[in-house]
Amino acid sequence: MSAVAHGAGAPAAPAGPDTATRGKFLPYLLLLPGALWLLIFFVVPLAQLFTVSLQSQFPGYPGYYYRDVNFRNYLDAFTEFAPHFGRSLLFAGLATFFAFALSYPLAYAMAFKAGRWRSLMMICIIAPFFTSFILRTIAWRQILADEGPVAKVLNTLHLLPGGHITETWMAVVAGLTYNFLPFMVLPIYASLERVDPRVLEAGGDLYANGFTTFRTVTLPMSMPGVLAGTLLTFIPAAGDYVNAELLGSDRSTKMVGNVIESQFFKVPGGYPTAAALSFTLMALILALVFVYVRRFGTDELV
Amino acid sequence: MKGRIPPADPGVRALIRSARASQLSRRNLLSIGAAGASAAALSACAPPKPPAGGVAALKLPTDVSAEEKIVRWANWTAYLDYDDTTQKYPSLEAFIKKTGIQATYSEDIDDNDSYVSKVRPQLEAGQDIEKDIITLTDWMANRLIRDRLIQPLELIQMPNAGNLLPALREVSFDPGRNYSLTWQSGFAGIGYDKAKVGRELKSLDDLFSPDLKGKITVLSEMRDTLGLIMAWQGVDISGNWGKPEFDKAIAKVDELLTGGFIRRVKGNAYMNDLKSGNAIAGIVWSGDLFILRAETENDNWEFTIPESGGTLWSDNLMVPITSTHRRNAEALMNYYYDPAVAAEVAAYVNYVCPVVGAQQEMEKLDPDLAQSPLIFPTEDYLTKSNIKGFRALTAAEDQEYSAEWAKVVGN
C-alpha cells in the first residue's frame, strides 16, 4: 500500500495552506481522482500481470509456480500461438473494414440527410446496448444456425461451401462487426455533424461536383472521426474472445483472447503463459496503433 | 534471502491474510501482491521450497448455520428436478418447507476446469465464494480434497448418508467418504436425434461417418471424450494404460477435428447446439438427452452406449473450505439421500441414482424407470456394455494431458 500512497500523495502534498500556490496546483488536484484510479486499477494490476508472466512452473508440483525472471514464457507463448495472433489481427482488421464500410454511409445519412429521423436513427443504433453483449451474440448463433433463415437461403443457392455459417470465420467476423458497429458510427457521425454546410456549398461554388467535394472536403474533415472509430473498433476486437467462442469453431477461428482464457482457466499452471500472451497482444496492438496514428492521424485528431 | 523465499502461492496467501486483517478491498490486495511480487521477482531465481500442500492442518471457519438459515448450492445444468410451469425446483422447495433453511440453487457449473479455476484463487485465499455446496466430478474432487480446499463432513449429522451405494463408498480420492457425497453418477455415450440422423447409431464408427460430418458435438470433458475414443481403440480405460495410448487417442481427436467431423468441443452448453439443430449427434451425458426430450417435446432423442464401451463418472457434493454453513449443507445432503426424494430427482434427471432404496421408491413413481439400466444399472449391465471409469491420473500426468487436450481442441 505504501507505494500507492506515495505516488498518489506526491502531487497533492504541495497544495498546502499557501493560497497563492493553490490555484497553480488546482489542475493537479482535479487530476488526482483519475490518476489514482488509473494507478490502482491499471498500473498496479499491469505490474502484477508482468511479474506473473515471468514466473516459472514449479517442477513436480503441477499448477504451482514461483517468482522468477523467465523470458522464455514470451518466446514459447509467441511461437506456439502465432496463428492465434495472426487471426486476432486479421479478424479485427476485417471487422474494422466492414464496420467502416457500413458506418460511413450510415453516419453520412444521419448527419446530412436524415432530418427529423435523425434522433430515431440514433436510438436504433444505441438501443441494442441496453441488452447484454453476450445475449446479443448468442442471438446471432440462432440467426446464423443451420436451420435459420440465413444459412437456409445460402444453402439452397449453393453459396455456402461448408454447409454452415456458425463455426466459421465468417460468423466470427460478422459478430465482431455487429458488436462494434456503434463504436464506429458514433465518432464518424460526431465529426461529420460538425462539418459546416457552408464549406460544402463553397465546394460547389468552386465548380466541384458532388464526388469531388466529398473527396476533397467532407472526407478529410471527417478523418478524426474515422481514426477514432477505427481505433475504438480494432483494439477491442483484437482482444475479444466472446465472438470466437460463441460463433467460431475449435480449430480454425480461435483468437488470442480464447487462448488466454483457456490458459488462465483450463490448463493447470497456465498463468505465466496467459500473462505473457496478454502482454504480447498489448505490445502488438500498441505498435500497430502507433504506426497507424503516425501515418494517418495528423494534428486533426485533437 | 536465497533459498528461503516462500513459493508464490503461499506467499501471496500470507500477504492476503495480513491485508485482510487491515480491512482492505480485494482490488487493493492484488496491488499489494504486485508490490511484493515485483520486489521478490528481482531477487528470486533459484526454485524455492515446494508448496506445503497436504501437510498444513485444516482450519475450519466458524459455523453460523444456526443463525443464518441458508445454504447456497452450485450445480450443473439440468441436474435437479425442475417444474417449468412454476419455474421452481419441487424437491428443493419441499426441503425449504421442511427445514426452514433457505436454499439457493444456481446452475453455475458448465465445465469442471472453468468453474474451479474461477473459484480456486478465492478458496486458497480463504475468501467466501458464496457457495456452501459445490458439485464436481471425481477427478476434480480429487484435486480439491488433495489441496485441502474441502471441509470434512460430519457423518453423524447425515443418517441418510448410509444409503450410499456400497460400490461408491470406497473411492480412491476419498476413502470412507469423509469429504464428499455422490450427487449423481452417469455415463458418457452417443446421443442423437433418430429422425434427423435417419438410422441407428450403435458405435463410434456409425457416429463419425461422412453423412454426419460437421453435425457432431463432443464433450470438453477430456475423460469422457478421450475415454470413449480410447475404448473404441481397444484400450481398457480403467486399466494401466500410458502415454502411447493417450497419444493415439489424441491423434484421433485431432484427425476428427481437422477432418471437420466434430463441429464443436463443448461443456454442458452442447445441449443448445442440439436444440438449435447445429448438431444432431454427439458424445453426450446420459441424462441430458432425456431432459432434451422433455424440453424440445421430441421423443427422437436417443442415448446409447457405443458397442466399444462407455465411461462411468460421478459428481460429488462437497462443502468448500470457506463455507460457514456446513451444518445446513449437511442437512441438504441428508435430505437428498432419503430414497423417496432421490427417486423423485432420478425420475427427472435420468442419471444413475447413488441411493440404496431409491429403486423401490421408483417402483411407486414410475415402474418403467425403475427398470432402466441408465438409472439403476446392474453389475451385469456395466460389464456387458464395457462401461468403465477413466483411471485416476497422477498430478504430473494430469497436467501434461490437460495441456495436450487443451492444445488439440484449439487453444
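The values are calculated or read from the model by the stated rules, or taken from the named source; none is laboratory data. These figures come from a predicted structure and were not determined experimentally. So basically every Cβ, Gly included, is an ideal-geometry build from the backbone, and we count neighbours across all protein chains shown.
The helices (runs of 4 or more DSSP H) falling completely within segment A:184-282 that include 2 or more residues that are of a type in the set (Phe, Trp, Tyr) and either touching a helix residue (DSSP H, G or I) at 6+ places or on another chain (Cβ under 7 Å) or surrounded by fewer than 22 Cβ atoms within 10 Å (Cβ to Cβ) (or both) map to A:256-265. For segment A:38-57, the tally of residues that are under 29 Å from B:Leu393 (Cα atoms) and more than 7 Å from chain B (Cβ to nearest Cβ) stands at 4.
Among the candidates A:Ile165, A:Ile126, A:Ile188, the residue that is closer than 28 Å to B:Tyr270 by Cβ and of a type in the set (Val, Ile, Thr) is uniquely A:Ile165.
Only one of the listed residues (A:Asp76, A:Asp68) is crowded, with 18+ Cβ neighbours inside 10 Å and within 14 Å of chain B (Cβ to nearest Cβ). That residue is A:Asp68.
A quick yes/no check of all residues on (1) modelled with pLDDT under 90; (2) under 22 Å from A:Ala151 (Cβ atoms); (3) within 12 Å of chain A (Cβ to nearest Cβ):
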{"residue": "B:Ala251", "(1), (2), (3)": "no, no, no"}
{"residue": "B:Leu257", "(1), (2), (3)": "no, yes, yes"}
{"residue": "B:Ile262", "(1), (2), (3)": "no, yes, yes"}
{"residue": "B:Ala269", "(1), (2), (3)": "yes, yes, yes"}
{"residue": "B:Lys275", "(1), (2), (3)": "yes, yes, yes"}
{"residue": "B:Ile280", "(1), (2), (3)": "no, yes, yes"}
{"residue": "B:Val284", "(1), (2), (3)": "no, no, no"}
{"residue": "B:Phe290", "(1), (2), (3)": "yes, no, no"}
{"residue": "B:Ala294", "(1), (2), (3)": "yes, no, no"}
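Would you confirm, using the coordinates I've provided, whether B:Ala78 is more than 23 Å from the chain's Cα centre (by Cα) and small (Gly, Ala, Ser)? Here the answer is no, as B:Ala78 does not meet what is asked.
Of all residues in segment B:287-305, one or more are closer than 25 Å to B:Asn142 by Cβ, outside the structural domain of B:Leu153 (by TED's automatic domain parsing) and over 18 Å from the mean Cα position of the chain (by Cα). Looking only at residues that are within 10 Å of chain A (Cβ to nearest Cβ) and in a helix (DSSP H, G or I) in segment B:372-400, which one is surrounded by the fewest Cβ atoms within 10 Å (Cβ to Cβ)? Only one residue fits best here, namely B:Ala396. Restricting attention to segment B:244-262, does a residue exist that is among the hydrophobic types (A, V, I, L, M, F, W, C), assigned to a helix (DSSP H, G or I) and under 20 Å from the mean Cα position of the chain (by Cα)? No; the residues of segment B:244-262 include none that is among the hydrophobic types (A, V, I, L, M, F, W, C), assigned to a helix (DSSP H, G or I) and under 20 Å from the mean Cα position of the chain (by Cα). Summed over segment A:48-65, the residues that are at pLDDT 85 or above and either buried (at least 18 other Cβ atoms within 10 Å of the Cβ) or assigned to a strand (DSSP E or B) (or both) give a count of 8.
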